[in-house]
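The values are calculated or read from the model by the stated rules, or taken from the named source; none is laboratory data. Given the structure is predicted, the values throughout are model-derived calculations rather than measurements. As a convention, Cβ positions derive from the backbone with ideal geometry for all residues, glycine included, and neighbour counts pool all protein chains shown. Side chains are part of the model used for accessible areas, which takes the heavy atoms of the whole protein and leaves out ligands, DNA and RNA. Shrake-Rupley method; radii C 1.70, N 1.55, O 1.52, S 1.80 Å.
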Amino acid sequence: MLKLKNSRPLFVGGTRYVFQHPEHANRCIKVLRPDRTGTARKILRKDFKRHLPARFLDDQLKEIKAYRELLSRASETLWRYVPRYHGTEETDMGVGIVTQLMRNADGSWPKNLEQILSNGTDPALEAGIEEFVDAVGKLRILSRDLLPHNIIAVKEDSGYRVMLVDGIGNAELIPLSTWSGFFARRKTQRKIRRFRQRCALLIPS
């Protein structure tokens, strides 16, 4: 079992802590924050979902299922837009999701689109975003939502590599978009439209 409790996370998200993997410098391991477990979220729900088993509200389990579904049709192309998945490991903070740890070409940490777009945009970034959006549609990369703070822009020598690093998975109670290519395409296109709107609102006028 990996010991993480006494380590400082690299990043703290709205749902998870992200640690550098103690045995693999080029990987990270994501664990749920204690206040965002399925059980914790179930207590706070005010709608019908409070009566569901905690596993239905567990974003960690949803992301693991999503990665396993992606693996069933994965190619090298997919891993350009989603960090490569290396399975799960047990930790002293619960099950951890292990993925590739991304860095910019100069070794610094990539920023998310919410951070970057609030300072404006440029042709290289716009091209990276368009490449990402095209891939989401063609590869049917399902997400709970395409939120700019869940999407990073990795600086490469040739431009930007835009990647979805959080929120991967299907939020549907009945996962029609996982089972059906038709519903998946409809859902991804709807989320892409909303993503574009969110990005546009972030760019200074």
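Just a few scattered comments:
- Test result for residue 107, of a type in the set (Gly, Ala, Ser) and either open to solvent by less than 10 Å² (accessible area, probe 1.4 Å) or at pLDDT 90 or above (or both): yes
- Matching residues, segment 12-48, being free of Cβ contacts under 8 Å to residues at least 40 places away in the same chain, basic (Lys, Arg) and outside any helix (DSSP H, G or I): 33, 45, 46
- When residues of segment 11-28 are limited to those that are among the hydrophobic types (A, V, I, L, M, F, W, C) and surrounded by 13 or more Cβ atoms within 10 Å (Cβ to Cβ), the one nearest to residue 60 (Cα to Cα): 18
- Positions within segment 123-165 being of a type in the set (Val, Ile, Thr) and touching a helix residue (DSSP H, G or I) at 6+ places or on another chain (Cβ under 6 Å), in sequence order: 133, 136, 151, 162
- Looking at 36, 50, 41, just one residue is surrounded by 12 or more Cβ atoms within 10 Å (Cβ to Cβ), within 17 Å of the chain's Cα centre (by Cα) and among the basic types (Lys, Arg), and that residue is 36.
- Sole exception among (1) in contact with a helix residue (DSSP H, G or I) (Cβ under 8 Å, 6 or more places away or on another chain); (2) more than 21 Å from residue 149 (Cβ to Cβ); (3) open to solvent by 20 Å² or more (accessible area, probe 1.4 Å) for residue 116, by number: (2)
- Entry remark, segment 172-205: residues being modelled with pLDDT of 70 or more and open to solvent by 60 Å² or more (accessible area, probe 1.4 Å) number 13 in total.
- For segment 65-87, the count of residues that are open to solvent by 60 Å² or more (accessible area, probe 1.4 Å), β-branched (Val, Ile, Thr) and assigned to a strand (DSSP E or B) is zero.
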